[in-house]
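J.: I have a structure here, written as structure tokens, and I will follow up with some questions on it.
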Amino acid sequence: LRRKVQAITGKTPAAYILQIRLSNAQRMLDKNPELSIGDVAFRCGFSDQSHFSHAFQKAFGVSPSQWARRAK
């Protein structure tokens, strides 16, 4: 399964799932900028807000709170 996912996506399954979760968080912040960052992290499957913020900033170049402010 790992080789098939990597052949199709070019990413490991864990990296691909992380990308999907972060994309969901991005859409959620766009639609609901009033949600807390912790709530968005929890709804997208992150158990730790710090890990979520770090991964979000690494993927999109801005923090989740900056992204939410931009969406307002």
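J.: What are the pairs with Cβ atoms under 6 angstrom where one residue, in the range 31-48, is closer than 20 Å to residue 17 by Cβ and the other, located anywhere, is basic (Lys, Arg) and at pLDDT 95 or above? Sequence gap at least six, or different chains.
T.: Correct list of pairs: 44/21; 45/21.
J.: What pairs come out if I take residues in the range 49-72 that are farther than 11 Å from residue 26 by Cα and pair them with residues that are of a type in the set (A, V, I, L, M) and open to solvent by 50 Å² or more (accessible area, probe 1.4 Å) whose C-beta lies under 7 Å away, six or more apart or interchain?
T.: Short answer, once both residue conditions are applied: 55/18.
J.: Still on this structure, I have one more. Filter the range 48-62 down to residues that are in a helix (DSSP H, G or I) and open to solvent by 40 Å² or more (accessible area, probe 1.4 Å), then give me how many there are.
T.: Counting residues in the range 48-62 that are in a helix (DSSP H, G or I) and open to solvent by 40 Å² or more (accessible area, probe 1.4 Å) gives 8.
J.: Now, a different point. Look through 7, 71, 41 and report the one residue that is under 13 Å from the mean Cα position of the chain (by Cα) and not basic (Lys, Arg).
T.: Answer to the selection: 41.
J.: Going through the range 33-47 one residue at a time, which ones are open to solvent by 40 Å² or more (accessible area, probe 1.4 Å) and either in contact with an Asp or Glu (Cβ under 9 Å, 6 or more places away or on another chain) or among the small types (Gly, Ala, Ser) (or both)?
T.: 36, 45, 47 - these are the residues of the range 33-47 that are open to solvent by 40 Å² or more (accessible area, probe 1.4 Å) and either in contact with an Asp or Glu (Cβ under 9 Å, 6 or more places away or on another chain) or among the small types (Gly, Ala, Ser) (or both).
J.: Also: So, in the range 1-19, how many residues would count as being open to solvent by 80 Å² or more (accessible area, probe 1.4 Å) and farther than 22 Å from residue 46 by Cβ?
T.: The qualifying residues number 6.
J.: Taking the conditions exactly as written (assigned to a helix (DSSP H, G or I), touching a residue at least 24 places away in the same chain (Cβ under 8 Å) and open to solvent by 30 Å² or more (accessible area, probe 1.4 Å)), does residue 22 satisfy them or not?
T.: The answer is no for residue 22.
J.: Going by the structure shown, is residue 5 in contact with a Phe, Trp or Tyr (Cβ under 9 Å, 6 or more places away or on another chain) and either outside any helix (DSSP H, G or I) or in contact (Cβ under 8 Å) with a residue 60 or more places away in the chain (or both)?
T.: no
J.: So which residues in the range 34-43 are closer than 15 Å to residue 63 by Cβ, part of a loop (DSSP other than H, G, I, E, B) and not aliphatic (A, V, I, L, M)?
T.: Within the range 34-43, 36 is the sole residue that qualifies.
The values are calculated or read from the model by the stated rules, or taken from the named source; none is laboratory data. Predicted, not measured: the structure shown is a model, and the values here were computed from it. Backbone-built Cβ (ideal geometry, glycine too); neighbour counts: all protein chains shown. Areas reflect the complete protein model, heavy atoms only, side chains present, ligands, DNA and RNA absent. Shrake-Rupley method; radii C 1.70, N 1.55, O 1.52, S 1.80 Å.
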